[in-house]
Amino acid sequence: MAARVGAFSLVMGRHVNHADTSNLPFSYLIEQRNTTYLVPGVNLRSVGTIRDAQKWPKRDKRKDPNRLDYINYNLLSPYTIQKMFKGRSILKKSLGGYPAKHLKSIPIRAQRSRTPL
């Protein structure tokens, strides 16, 4: 099973757990000692992410007027907003009643199921 990474996420390290974080955009996935740690949503605050989104339309060098792939350069498109709402729901369920403000990252255990996180 291949890993699925949320839009605008940063992946660091060698991940062996093949996590599905597709519903958690703008996150950091950091591997340390064969454990994947998720820092959800942190990349949304990054000035670099916003700056990159402004540059992407200029970097699209496709010359064919009949572009087969439609690319939405909007950072906060309906797609990413929908994913953020799904991610929020997943995190609330995963944390139970634990106050999220005390967490810096969430370790992701190896999973066999196809359900995200």
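A short reminder: the numbers here are calculations on the coordinates, not readings from a lab. Worth saying up front: this structure is predicted, and the values here are computed from it rather than measured. Positions of Cβ are generated from backbone atoms using ideal geometry, with glycine treated the same way; all protein chains shown enter the neighbour counts.
Points to keep in mind about this one:
- Exposure proxy shown here: for Thr80, Thr49, Thr21, the number of other Cβ atoms within 10 Å sets the order, fewest to most, as Thr49, Thr80, Thr21.
- All other residues whose Cβ lies under 15 angstrom from that of Tyr79 are scored, Lys and Arg at +1 and Asp and Glu at -1, for a net of +2.
- Beta bridges by DSSP in region 1-55, antiparallel share as percent, to the nearest 5: 55
- Segment Arg14-Ile71, extension gain: residue separation times 0.36 nm, minus the distance between their alpha carbons: 17.7 nm
- Here Ser89 and Lys58 are evaluated by their C-beta separation; at R0 = 35 Å the FRET efficiency comes out at 0.50.
- Nearby aspartates and glutamates by direct alpha-carbon distance to Lys83 (threshold 13 angstrom, same-chain neighbours under 8 apart not counted): Asp20
- Approximate spin-label separation Ala2-Arg45, in nm, with each point projected 7 Å along Cα-to-Cβ: 3.3
- Going from the residue with the fewest nearby Cβ atoms within 10 Å to the one with the most, Phe26, Phe8, Phe85 rank Phe85, Phe8, Phe26.
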